[in-house]
1. Shape of region 53-210 from its Cα gyration tensor (a ≥ b ≥ c, root eigenvalues): rounded if a/c is under 1.5, otherwise prolate when a/b > b/c, or oblate?
2. Taking only protein heavy atoms into account and a 1.4 Å probe, give the accessible area per residue of the chain in Å².
3. Hey, how many Å between the Cα centroid of region 98-124 and the Cα centroid of region 171-207?
4. How much of the accessible area of region 44-160, in percent, comes from carbon and sulfur atoms when a 1.4 Å probe is used?
5. Return the calculated 222 nm mean residue ellipticity for the chain, to the nearest 500 deg cm²/dmol, obtained by summing -39500 (n - 2.57) across DSSP H runs with n ≥ 4 and dividing by the residue count.
6. Starting from the 7 Å offset along Cα-to-Cβ, what nm value, one decimal, do you get for the label separation of Ile143 and Leu198?
7. Local charge sum around Ile63 (other residues, Cβ-Cβ under 12 Å, Lys/Arg +1, Asp/Glu -1)?
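The values are calculated or read from the model by the stated rules, or taken from the named source; none is laboratory data. Predicted model, so just to flag it, every value in this text is computed and none were measured. Note: ideal-geometry Cβ built from the backbone for every residue, glycine included; neighbour counts use all protein chains shown. Side chains are part of the model used for accessible areas, which takes the heavy atoms of the whole protein and leaves out ligands, DNA and RNA. Shrake-Rupley method; radii C 1.70, N 1.55, O 1.52, S 1.80 Å.
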Amino acid sequence: PRIAETPAGALNSVGLQNPGVEAFIKDEIPFLRQYDVCIIANIAGNTIEDYCEMAEILGDADIDAIELNVSCPNVKEGGVAFGTTCEGVSGITKRVKSYCRQPLIVKLTPNVTDIKETAKAAEDSGADAVSLINTILGMAIDIHKRRPILANNMGGLSGPAVKPVAVRMVYEVSKTVKIPVVGMGGISNGVDAVEFMLAGASAVMVGTSN
């Protein structure tokens with residue numbers, strides 16, 4: 001199992017499987033351009049080189065922005081996620097920004113001691129905006145089987161359960177950085193969206209509710 005329901009949310013350990021950047025450009029962008037929307041490509045990888053290569057390939061693509069998912073494990077550094085340290089966020093943001101022709105949004109992980117610090121590191125390293133929060137690391141156990149429900153044991157918690165944490169972090173970050181903040185985390189309706197904007201978000205994303 002890769003998804004588990006929890007009270008007011010969901011745990012997922014689905015990975016980031018997708019058809020790849022070339023297929024995205026060839027098939028997904030023309031489909032999305034049928035609609036009056038901005039296209040933001042979220043990129044992820046196991047090494048900084050992965051991210052840079054994708055940003056370079058997407059440079060000529062018909063997209064409006066790139067979102068940098070820094071919650072992925074840095075394979076060359078022992079599997080620690082890029083986004084959990086200021087140094088990691090700074091290093092990957094600077095490198096990817098040098099390849100990026102579109103505005104760069106850095107998506108921050110909440111699994112840190114102080115998200116204000118990583119947000120500032122992203123801003124100082126050239127990010128045009130930050131988005132937050134990504135999922136919170138969680139776990140659920142099947143008491144009858146006596147083992148975790150997810151095959152990977154742990155996963156990312158999303159949905160309404162994380163909203164108060166997300167609102168607080170958006171509020172803190174918006175007071176710390178001068179670049180725009182995109183808020184997400186448990187948004188289910190218009191009231192939730194307004195709450196995030198009152199906390200300082202310039203825009204919002206909806207994930208789990210979709």
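1. Oblate, since a/c reaches 1.5 and b/c is not below a/b.
2. Solvent-accessible surface per residue comes out at 53 Å².
3. Between the Cα centre of region 98-124 and that of region 171-207, the gap is 15 Å.
4. 51
5. Mean residue ellipticity at 222 nm (helix-derived): -8000 deg cm²/dmol.
6. 3.7
7. Taking every Cβ under 12 Å from that of Ile63, the sum is -3.
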